[in-house]
Amino acid sequence: MTEIIVVTSGKGGVGKTTTSASLACGLARHGKKTAVIDFDVGLRNLDLIMGCERRVVYDFVNVIQGECTLKQALIKDKRFENLYVLAASQTRDKDALSKEGVEKVLKELADDGFDFVVCDSPAGIEKGAFLAMYFADHAVVVVNPEVSSVRDSDRILGLLSSKTQKAERGEKVHDSLLLTRYNPARVENGEMLSIKDVEEILGLKVLGVIPESPDVLNASNKGEPVILDMDTDAGQAYDDAVQRLLGNERPLRFTQAEKKGFFSKLFGG
């Protein structure tokens, strides 16, 4: 049975595409046949972060409009045999996507034996975001620990509970929270919301907490999802999130501020 995961948020710039790429790589690394689809028609960033932008010949819209087959458009990842990328179009309008077209692509992926399909949603509530979440079994809501990001995500939760295929059937999309750019020291200083604050406001359990780190941007610039660098805290935190997605218990790490030692206190370090 194919599980469709939408990575979504109310606000742009919170790390959705980074998260989609890392979750997809993590699932593939754990032996799951995985496809990751870019729903952000007109912008197209997923292929850059996945490092396959030069290999894009056909895209998601080409498939939907019958200009190529799905197999022609899927880009096989060079690192994992069981990972495929479907890029968005940079030249089309968001209206080029249709519910029927998206359903056809997802059904074909299911028929081809994919274990997971990760849908990288645009921010907000426009058509691409609606179609990315409509067929979802599981929604990963990406949030920064700040009030505006949390408030905008509340709107997304309303849509997930009312505007999805599962909602129409009287069922519930399983949803979970992924906190990005988390800085425990700033939380202690009252400059950021805590994990507990965000969980309580949104009514979601946390799937993962990704620490604020320059490693995330460095990895994206290299076309290497940060989860592939297991020497980094962010890479390990994303792998923990993937393990939890697969039903494995993992303690939350990188959520406590480092305690200063005696000498660093003494000398202001």
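Odds and ends about this structure:
- The set of residues from the stretch 229-245 being under 15 Å from the mean Cα position of the chain (by Cα) and open to solvent by 30 Å² or more (accessible area, probe 1.4 Å) comprises just one member, Arg244.
- For Glu53, the criteria (1) open to solvent by 30 Å² or more (accessible area, probe 1.4 Å); (2) touching a Leu at 6+ places or on another chain (Cβ under 8 Å) hold in every case but one, which is (2).
- Residue in the stretch 29-45 that is assigned to a helix (DSSP H, G or I) and not charged (D, E, K, R) present: no
- Close pairs (7 angstrom Cβ cut-off, 6 or more residues apart or separate chains): farther than 13 Å from Ser9 by Cβ in the stretch 109-128, among the basic types (Lys, Arg) and modelled with pLDDT of 95 or more anywhere: Gly113/Lys33; Phe114/Lys33; Asp115/Lys32; Asp115/Lys33; Phe116/Lys32
- Check on Tyr84, buried (at least 19 other Cβ atoms within 10 Å of the Cβ), under 25 Å from Leu27 (Cα atoms), in contact with a Cys (Cβ under 7 Å, 6 or more places away or on another chain) and aromatic (Phe, Trp, Tyr): no
- Flag for Gly223 being surrounded by 12 or more Cβ atoms within 10 Å (Cβ to Cβ), among the small types (Gly, Ala, Ser) and assigned to a loop (DSSP other than H, G, I, E, B): yes
- Each residue in the stretch 92-119 was checked for being modelled with pLDDT under 95 and buried (at least 17 other Cβ atoms within 10 Å of the Cβ), and 4 of them qualify.
- Gly26 vs. criteria within 30 Å of Leu177 (Cβ to Cβ), modelled with pLDDT of 95 or more and of a type in the set (Gly, Ala, Ser): yes
- Selection count where residues are more than 25 Å from Thr19 (Cβ to Cβ) and among the acidic types (Asp, Glu), scope the stretch 50-104: 4
The values are calculated or read from the model by the stated rules, or taken from the named source; none is laboratory data. Just so it is clear, the model here is predicted, and its values are computed rather than measured. Neighbour counts are summed over all protein chains in view; Cβ atoms, including those assigned to glycine, are modelled from backbone coordinates with ideal geometry. When the accessible area is computed, the model is the full protein with side chains, heavy atoms only, and any ligands, DNA or RNA have been set aside. Shrake-Rupley method; radii C 1.70, N 1.55, O 1.52, S 1.80 Å.
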